[in-house]
Amino acid sequence: MNWEDTPEEAAFREEVRAFVAEHFPASYRPDPAAEHSLEPEDVWGYNWPADRHAEDPARREGARQWAAALAERGWIVPHWPYEYGGAGLSALQEFILQEEMMRAQVPTVNGIGAFLLGPTLLEYGTDAQKAEHLPPIARGERTWAQGFSEPGSGSDLASLRTRAVRDGDDYVVDGQKVWTSLGQHADWLFVLVRTDPAAPKHKGITFLLVDTKTPGVTVRPIVDIRGDAPFAEIFFEDARVPVANRVGEENRGWYVAMTALSFERAGIGGTVKFEQALSTLVSYVQEGGELLRPDRSRLRHEIARRYAEVRVLYNLARYTVSKQVSGEVPGYEASVNQLFGAELAGRLARTGAEAFGAHAELWGRAGAPLGAAFTHLRLDAVAATFLGGTTEIQRNVIATRGLGLPKS
């Protein structure tokens, strides 16, 4: 397929570049400690949900100014209707906007609320829910986290055990969520709970919106193998959530959640990160970097393979967007994208190890090749195979929904 920009698309791309150059705050600079993270919101050392509450007043003000500039154009939620603070952009324009922001190495704002919850509420939410929650997301005033996974329910998400019992106008929620990305920075959560224990596991689940300040809700950050805390565990103890905060029908929340996950798997971010990481490696090799391993006989072929795979990933992302342009919700195509990108992260990390040999074990930025970027990528790549759904789950989706194979 021909992915070349039309004249209109090329003009919009230039508009985005000019906007970023003019409006991104000069004082808002990356956090060096997060420089190599691949978390969805942790882009090139920025973590906007954390930055908006940072102790450093310059980072805090920079995060506020950037959100305000994007919100004025409707570009925090570019694909949303104008009435909720969006810009009414097409799926392809949104893709170009996100691609150019990634290439400029500036952070998105409110990504989980904007790109996961927002589209889900637009499809399943009541008028009251849309009016209450969508405008604050569009203004960068309310952040969200996704409360799906549990200690015993990761790959088999439908086996979740967090309970919600109806009591008048409330649900009383008890249970635990884990691996909640950016949960410690969230104002609200969208949570899957079991409301009918006797029903088949996919049919007894309900989708709730939960204020993190609700009595009985406790959020605890989790430190990962890199020493960062990109996610949290969340405990619910007799937490009362209004029935009005239910999205969709009771016991039909699984189907609402699958819509949210489809939007999660359709992004462009990883493609640009991999492309820029590979370009940096190529430049280092071409310049004869002193920390390269002496034997580089296979390196040229490995880099060539990674280059071809990055281009494949880009085309998969464009194909996923083409489905949205035609009015479809991304299905198995998004799972193909997610699976290929997750496994490419590991292969790209191994290529860095191939290039640097023993120096690829150096963790600290000082004295390490390329600031230890590929060392950090090796650990990030471990999580890539289960963020947004494990590779096994993605293969199942592709097999059953894409290829029409029977379930075992």
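The values are calculated or read from the model by the stated rules, or taken from the named source; none is laboratory data. Everything quoted here is computed from the prediction, not taken from an experiment. Cβ placement follows ideal geometry from the backbone for every residue including glycine, while neighbour counts extend to all protein chains displayed. Please note that ligands, DNA and RNA were not included when accessible areas were found on the heavy atoms of the full protein model with its side chains. Shrake-Rupley method; radii C 1.70, N 1.55, O 1.52, S 1.80 Å.
Quick one: how many residues across segment 100-115 are closer than 16 Å to residue 188 by Cβ and part of a helix (DSSP H, G or I)?
We begin by selecting, within segment 100-115, every residue closer than 16 Å to residue 188 by Cβ; these are 109-115.
Within this subset, residues satisfying the condition of being part of a helix (DSSP H, G or I) are 111-115.
Adding up the residues that qualify gives 5.
When residue 170 is tested against (1) in contact with an Asp or Glu (Cβ under 8 Å, 6 or more places away or on another chain); (2) within 22 Å of residue 142 (Cβ to Cβ), just one condition goes unmet, and that condition is (1). Looking at segment 276-298, can you tell me whether even one residue there is open to solvent by less than 60 Å² (accessible area, probe 1.4 Å), modelled with pLDDT under 90 and within 29 Å of residue 79 (Cβ to Cβ)? No, because not a single residue in segment 276-298 is open to solvent by less than 60 Å² (accessible area, probe 1.4 Å), modelled with pLDDT under 90 and within 29 Å of residue 79 (Cβ to Cβ). Looking only at residues of segment 323-342 that are of a type in the set (A, V, I, L, M) and surrounded by fewer than 17 Cβ atoms within 10 Å (Cβ to Cβ), we find that the one that is nearest to residue 123 (Cα to Cα) is 329.
Filtering segment 72-86 to residues that are open to solvent by less than 10 Å² (accessible area, probe 1.4 Å) and over 16 Å from residue 116 (Cα atoms) leaves only 74.
The numbered conditions (1) small (Gly, Ala, Ser); (2) in contact (Cβ under 8 Å) with a residue 12 or more places away in the chain; (3) open to solvent by less than 30 Å² (accessible area, probe 1.4 Å) are all true for residue 399 except (2). Among the residues of segment 200-223, those identified as under 20 Å from residue 155 (Cα atoms) and either touching a strand residue (DSSP E or B) at 6+ places or on another chain (Cβ under 7 Å) or open to solvent by less than 30 Å² (accessible area, probe 1.4 Å) (or both) are 204, 205, 206, 207, 222.
For segment 247-259, name all the residues that are open to solvent by less than 40 Å² (accessible area, probe 1.4 Å) and either at pLDDT 95 or above or in contact with a strand residue (DSSP E or B) (Cβ under 7 Å, 6 or more places away or on another chain) (or both).
Kept after step one, since they are open to solvent by less than 40 Å² (accessible area, probe 1.4 Å), are these residues of segment 247-259: 247-248, 251, 253-254, 256-259.
Passing the criteria: 247, 248, 251, 253, 254, 256, 257.
Taking the criterion of being under 23 Å from the mean Cα position of the chain (by Cα) and among the polar types (S, T, N, Q), would at least one residue in segment 368-383 satisfy it? Scanning segment 368-383, I find at least one residue that is under 23 Å from the mean Cα position of the chain (by Cα) and among the polar types (S, T, N, Q), so the answer is yes.
Check whether at least one residue in segment 343-356 is open to solvent by 40 Å² or more (accessible area, probe 1.4 Å), at pLDDT below 90 and of a type outside the set (A, V, I, L, M, F, W, C), and report yes or no. So that I can check it myself, show each step before the final result.
Applying the first criterion (open to solvent by 40 Å² or more (accessible area, probe 1.4 Å)) to segment 343-356 yields 343, 347, 350.
This time we only want the ones that are at pLDDT below 90, so: none.
No, segment 343-356 contains no residue that is open to solvent by 40 Å² or more (accessible area, probe 1.4 Å), at pLDDT below 90 and of a type outside the set (A, V, I, L, M, F, W, C).
Condition (residue is modelled with pLDDT under 95 and in contact with a Phe, Trp or Tyr (Cβ under 8 Å, 6 or more places away or on another chain)) applied to segment 236-245: is it met by at least one residue? No, every residue in segment 236-245 fails to be modelled with pLDDT under 95 and in contact with a Phe, Trp or Tyr (Cβ under 8 Å, 6 or more places away or on another chain). Summed over segment 62-71, the residues that are over 15 Å from residue 143 (Cα atoms) and open to solvent by 70 Å² or more (accessible area, probe 1.4 Å) give a count of 1.
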